[in-house]
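All remarks here apply to the structure that follows.
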């Protein structure tokens with residue numbers, strides 16, 4: 001191409017700019033799999049004292065939800081742990097109530113510590129225990145309370161970025177703090193079976209997987225499904241429980257999903273790209289899309305995780321690779 005053509009092309013580009021037009025051949029965007037977010041680790045021994053401090057500084061009523069949001073270092077100011085997911089650690093003290101509201105984002109809870117708390121979804125009140133996985137489908141009325149004698153902590157997970165992407169993030173507060181309770185569930189029943197997945201029954205299922213079915217990357221891994229539909233409990237989020245046996249040395253792996261991990265029991269090492277993280281009990285880790293990683297565990301670990309795999313699979317985007325070390 002001659003210099004005169006180059007000059008005319010530059011003049012053309014500048015001429016169309018006032019019309020909010022850009023030549024496709026000039027675009028600056030990422031055309032490879034992967035994410036702008038980076039790996040990040042939140043040790044529970046760091047977060048837990050900060051939750052306790054927040055209790056002394058702000059009441060549940062003032063805060064609405066007393067939550068410390070885990071923001072990805074590359075997404076500060078967004079409130080997102082990855083480009084597609086939100087995660088936070090919430091603490092509720094004895095006698096407190098988190099007022100009822102509803103919103104378009106789907107939500108989940110993974111109970112970290114303490115007993116005596118409940119969550120109520122559209123009038124179905126469910127008592128929660130450590131390790132329980134609880135679902136709050138979008139635009140259902142929900143409130144939380146602590147009827148016990150000790151602090152209760154859980155991890156929240158939401159698909160807020162999806163609703164924000166589509167301009168469809170709506171929220172509405174209920175007229176009272178507590179939505180009318182129509183049913184109380186102390187154990188899973190027909191009213192609550194699609195909303196709460198108890199720790200012990202999930203762990204029992206995990207332990208029943210034969211050794212011959214151990215995955216070379218994930219160890220023993222279960223995907224939570226709605227017993228009524230056989231599908232993921234939430235339309236955009238998939239959730240998992242996995243067990244790494246003692247002396248586990250996993251194969252290297254990557255997938256297009258963004259994954260948030262919470263170590264329910266034990267500890268493990270995560271080799272992620274060129275970095276190595278030691279994950280202890282209740283630590284939270286986010287693994288960005290298409291980052292290579294592998295698990296190592298000397299004493300064994302049980303890990304809860306959630307990801308955007310459900311949405312990616314529904315849209316036909318999801319890919320995974322088992323890599324040869």
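A short reminder: the numbers here are calculations on the coordinates, not readings from a lab. Quick caveat: nothing in here was measured; it's all calculated off a predicted structure. Glycine also receives a Cβ, built like all others from the backbone with ideal geometry; neighbour counts cover every protein chain displayed.
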TODO: Between residue 76 and residue 299, with labels modelled 7 Å along Cα→Cβ, what's the label distance in nm to one decimal, could you check?
DONE: 3.4 nm
TODO: Could you tell me what % of all Cα pairs in region 241-325 have separations over 17 Å?
DONE: 46 percent
Task: FRET efficiency estimate (nearest 0.05) - Cβ-Cβ, residue 115 to residue 59, R0 25 angstrom - done: 0.65
- [ ] Find the centroid of the Cα atoms in region 258-319 and in region 152-175, then give the distance between the two in whole Å.
- [x] 23 Å
Open item on the list: Between residue 322 and residue 225, what is 0.36 nm times their sequence separation minus the Cα-Cα distance? Round to one decimal in nm.
Closed with: 32.5 nm
TODO: Output the antiparallel fraction of DSSP beta bridges having both residues in the chain, as a percent to the nearest 5.
DONE: 95 percent
- [ ] Report the relative contact order of region 243-325, percent, no decimals, based on alpha-carbon pairs under 8 angstrom and at least 6 residues apart.
- [x] 45 percent
- [ ] Quick one: grab the alpha carbon gyration tensor of region 1-158, order the square roots of its eigenvalues as a ≥ b ≥ c, and give me rounded if a/c is under 1.5, else prolate or oblate depending on whether a/b is larger than b/c.
- [x] prolate
TODO: Take the alpha-carbon positions of region 12-54, form their convex hull, and give its projected area averaged over all directions (one quarter of the hull surface) in nm².
DONE: 6.6 nm²
Task: Segment residue 166-residue 29, length gained on full extension (0.36 nm per residue, minus Cα span) - done: 47.3 nm
Task: Rg/Rg_ref, region 40-323, where Rg_ref = 2.2 N^0.38 Å and atoms are Cα - done: 0.96
TODO: Could you grab the relative contact order for region 1-118? Cα pairs under 8 Å, six or more apart, rounded to a whole percent.
DONE: 19 percent
Task: Distance between region 96-114 and region 177-218 - C-alpha centres, whole angstrom - done: 17 Å
Task: Amide N of region 122-137 lying under 16 Å from the label point, which is placed 7 angstrom from the Cα of residue 207 along Cα→Cβ - done: 131-132
Task: Relative contact order computed over the chain (Cα-Cα under 8 Å; 6+ residues apart), in percent - done: 17 percent
Task: Highest to lowest packing among 232-238, 282-288, 70-76, scored as the average C-beta count within 10 Å - done: 282-288, 232-238, 70-76
